[in-house]
Each structure stands twice: as structure tokens, then as C-alpha cells.
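Participant: Sharing a structure below in C-alpha cells format, with a few things to ask.
The values are calculated or read from the model by the stated rules, or taken from the named source; none is laboratory data. Remember, it's a predicted structure, so these values are computed and weren't measured experimentally. A quick note on method: Cβ atoms are made from the backbone with ideal geometry, for glycine too, and the neighbour counts reach across all protein chains shown.
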Amino acid sequence: MNDLPLATPTQATTPAPANATLGANQPEYSVSELALALKRSIEDGFGHVRVRGEVSGWKRVASGHCYFALKDADAVLDAVCWRTTAIRLAMKPEDGMEVVCNGRLTTYPGRSKYQLIVDSIELAGVGALLKLLEERRQRLAAEGLFAAERKQKLPFLPQVIGIVTSPTGAVIRDILHRLADRFPRRVLLWPVAVQGEGAAAQIAAAIDGFNRIAAGGPGANSLPRPDLIIVARGGGSLEDLMAFNEEIVVRAAAASAIPLISAVGHETDTTLIDHASDLRAPTPTAAAEMAVPVRLDLVAELGGKGARLAGGLARLFAERRLRLAGLARGLPDPQDVLGAAAQRLDDRSERLRLAIAARFAAARQRLDLAATGLRPAALAAEVARSRARLQDSEQRLAGAMARAIAAKRAAVDNFAGRLATHSERHEAMLRRGYVMVLDNTGHVVAEAVKVRPGAALELEFYDGKIGVIAGGSRRPVRRSKPLAGQGDLF
């Protein structure tokens, strides 16, 4: 500092008499008096100074005080930083670091030297600061804190978002406004100082505090655990953003079990927390856009996929309906089969009714002939008994006939159900490997003896039909005899 004021003799606490001359008449000072005079003179003349130099011999003693020296190419200045000041330093000085120290000059009479009492320390210039940050970045990268495999995937739609930023700045308002526009979510704000002394410790404590919240904690008033953390700050100079370059903040971001987005400064600003976070946002507003999707876009996408699903199902049902109609054309009409069976049932029921009537007539005739050979009284009694037996037989026969007709009707209904089931299972049978053979008139061919050599046939598979020509030879198929007691369907 070239313009620093220099101490003058008139500033001494005990000036020499005006009439003093060299030699024995000059007043005498004790060592303590002279040391005290020098101390007051230096402290009064240099009450507050800023000194720039290179740190040398930095050490912290057991009492917490720090001692070091500031040097340049031509001189060395001893410096001391008391414990109460050392704990408030925004940075940790290291040997070889060029710094600017703010403080006051004083003397230390016990060693006949002067020294600088340091009140604050800051890096000298952006170049030195960038060099410090680059060395710190390389050291932390060597530990693996910035490795890509440590990065976590962000949740698609977080239910709770934790935000670490200043509660009074425009950053929190911008984030909340953008979240409300895109997809409103619950937000937990952890207020911190984003620059100055103690800011780095507050930011690291906030990240660690969000991670310490238990998932689904007990009690209705417990805070929910965030699914995503956003660490945000507005733009500023490199010195303003130094809190986000501190090692304690970088390690807290790297150790976070909750996915973390760093949104510090503007697009051109880069801090060390950006390397340790799971995702870097160029601005706090962009961090809100990365955190949640646009609700209207999701609704539109869901509607489009629902329409595509409905269209696909409609086409599938149409194809299955068309295939079922094609298979149904190869089956006989169930009404024709049921009509023939019902006609046979009616014919046999009528024949049974006539046979019963004829049987009753014959029995009555035989009864009348037998009655002519009996005495009138015995004949009358016998006729009465015969009539009673006849009426009883008639009732029993009528019941038996009704049961027989009901059984036949049940058999016909069962056949109708089996026929309907066969129609429904037709497609399933074709899928199992069965083939339906049709002649040139579209009727089903069930016997090989009915096929003449050279006849045009059509084979129906489950997925289509092909035309074929019958060969010239036929081999009889031996069928096993039906099991005893097994009749036909009717």
C-alpha cells in the first residue's frame, strides 16, 4: 500500500524537550517507555490498513489463535488472528495463497517487533480464487464425489419438494410461481443465508436436515420427507457465490440420499455444488421446470393414448367378429337340426298316444267278452274291479307317458346346448389343429368314401381356407366298435 501514512515524531506520547541537545543533556527512556511510545505511535498512525501479500507459515495453536506471515518479494510482515476472529473467517488460508488482510498494526514489545492484528481475510483477485477452486475441484473429484455413477434419477412427479434458499429473495417467488404454472406441488422451504459468513454451514445443515426427515414420520403434524431437493440462489459475483464452493456444502450435496438439483447463479455461473448435485439447472426457474412436468401436457398425452387404446380395441373386436362370421358359415343351421329332432319327437309322441288308445280299446273288448260268461252279480262286481284297475292303469300310463315325453324334450334341449357349444368352440378346435373339409357346394364332408378322386375340396384352417384336389386312392379307416351301452344322441 503505497499511500499509507507514516508515523512522525510529533505523534509520540512523550516528545523530547525542545532545548535538548545531543549528548548527555538528551532525556533518557526506559526500554518499556520507548516500546510503549512506539506502540502508541504505530497504532495511532495505522489504525486500519489493508495489506496484500502471500501467506507463509500458517499455524493454529492450542488456544485457537492463528499465527502467520505476509510476504512479498522485498519484505515480511508478521500477523496474528485471534481465536474469535478465526472461527468467523469465510475461508481457510493456506501457505502460498495470495490474500488481502484487513486489520490494524501494533507492536509486540516482548520481541521488539511489529505485527498485523487481522480482522478479516479475503483472496486477492479472481485469479487466485479460481486457482483455489480448481485445486479444490480436482481434489474432490479424485475422491469420486463428482462421479457419474453417483448421480440419482429425478422422480417423474415428486409429491414434496424441499427448497434451500433465502426466504426473502426473488428466487423462492420465481420457483413457486413456475411450479404453480406447470404442476402445483407441496413445497418445504428451509431458509438459509446464501452468502457471507456462516452461509456454507447453513446450506450444508439444510441439505442434511431434509435427509434426516423420516419417510412417513409418525404423527399428523410431522413434516413429510421431500422427494426432491432444490438448492437455489440468484446471480452474483464469484465472491458472492463462494458459499456454494465450500467443501462442506459439496460433501453434503454428494451425500444426499434425496435427488438434488443445484440452481446457483445464472447460466454462465458454475460452482462446485453443480458437480456434486444430481442435476444442474442454469437458473432457479429452470430448476422448477426440471422438477415437475406440465400438467396439461400429461392430460393431453393421456387422452391421446386413451383414444389409441379405444381404437385398437374396436379394430380387434371387428376382426374377431368378422372371423367368427366366416367360421359360422361353415356350420349347419342349428334351427334345421333342432327342427328335425322336434318333428321326430312329435311323430313318436303321436304314435305313442294312438298305441295307448288302441291298447285300451283291445283290453276293453276282451273285458266285454269275458263278462258275457259271468253271472250278472259276479259280472257286475268283476266289471267294477276291472274298471277300477283300468282307471288306475290309465292314470299310471298317462304319468309314464308324460315322463317319457319330458325326458325326450330334455334330451333335445341337451342336444341343442351341445350344438350351440360346438358352434362356439369351432374356432378353438380349429386353433388346436383340426381342419374342416368342404365340398364344392360348401357342405361338410365327413366320410372319405364320399370323396371321388379329382374332386375339388376346400380345407378350412383357423386363419383361412385353401383349395385342394382329392387324390386317386382311398384307404378305409377302421373305427373301433362303440362301447356297450352307448347309444346315439337321439
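Participant: Given the structure, is residue 274 surrounded by 15 or more Cβ atoms within 10 Å (Cβ to Cβ) and in a loop (DSSP other than H, G, I, E, B)?
Facilitator: For residue 274, the condition - surrounded by 15 or more Cβ atoms within 10 Å (Cβ to Cβ) and in a loop (DSSP other than H, G, I, E, B) - is not met.
Participant: OK, next. Filter the range 165-174 down to the residues that are of a type outside the set (A, V, I, L, M) and assigned to a helix (DSSP H, G or I), then identify the one that is nearest to residue 281 (Cα to Cα).
Facilitator: The qualifying residue nearest to residue 281 (Cα to Cα) is 174.
Participant: Restricting attention to the range 94-152, which residues are surrounded by 14 or more Cβ atoms within 10 Å (Cβ to Cβ), basic (Lys, Arg), part of a helix (DSSP H, G or I) and in contact with a helix residue (DSSP H, G or I) (Cβ under 9 Å, 6 or more places away or on another chain)?
Facilitator: 136, 137
Participant: Let me ask something else. Just for the range 175-206: of the residues that are of a type in the set (Lys, Arg) and not in a helix (DSSP H, G or I), which one is farthest from the chain's Cα centre (by Cα)? Write out each step before concluding.
Facilitator: So the first thing to find is which residues in the range 175-206 are of a type in the set (Lys, Arg), and the list is 178, 182, 185-186.
Now narrow it down to the ones that are not in a helix (DSSP H, G or I): 185-186.
Numbers: 185: 16, 186: 17 Å.
Once the filter is applied, the top-ranked residue is 186.
Okay, residues lined up against (1) touching a residue at least 40 places away in the same chain (Cβ under 8 Å); (2) farther than 30 Å from residue 413 by Cβ:
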position	(1), (2)
296	no, yes
308	no, yes
350	no, no
353	yes, no
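Participant: Kindly check whether there is at least one residue in the range 401-409 that is at pLDDT 75 or above, exposed (fewer than 11 other Cβ atoms within 10 Å of the Cβ), in contact with a strand residue (DSSP E or B) (Cβ under 8 Å, 6 or more places away or on another chain) and closer than 26 Å to residue 333 by Cα.
Facilitator: no
Participant: When you go through 309, 322, 302, 298 one by one, which is the residue that is surrounded by 13 or more Cβ atoms within 10 Å (Cβ to Cβ), in a helix (DSSP H, G or I) and not assigned by TED's automatic domain parsing to the domain that holds residue 163?
Facilitator: 298
Participant: Checking the structure you have, find out if any residue of the range 243-258 is acidic (Asp, Glu), under 23 Å from residue 143 (Cα atoms), over 26 Å from the mean Cα position of the chain (by Cα) and not in a helix (DSSP H, G or I).
Facilitator: From the range 243-258, those acidic (Asp, Glu) are 246-247; that's our starting set.
Then keep just the ones that are under 23 Å from residue 143 (Cα atoms); that gives 246-247.
Filter again for over 26 Å from the mean Cα position of the chain (by Cα), leaving 246-247.
Next cut, not in a helix (DSSP H, G or I) only: 246.
So far as the range 243-258 goes, yes, one or more of its residues are acidic (Asp, Glu), under 23 Å from residue 143 (Cα atoms), over 26 Å from the mean Cα position of the chain (by Cα) and not in a helix (DSSP H, G or I).
Participant: Out of all the residues in the range 259-271, is one or more exposed (fewer than 11 other Cβ atoms within 10 Å of the Cβ) and free of Cβ contacts under 8 Å to residues at least 60 places away in the same chain?
Facilitator: yes
Participant: Please list, ordered by first then second residue, the pairs with beta carbon atoms under 6 Å, 6 or more apart or interchain, first in the range 41-61 and assigned by TED's automatic domain parsing to the domain that holds residue 106 and farther than 18 Å from residue 123 by Cβ, second of a type outside the set (A, V, I, L, M) and assigned to a loop (DSSP other than H, G, I, E, B).
Facilitator: Hits for this filter: 45/5.
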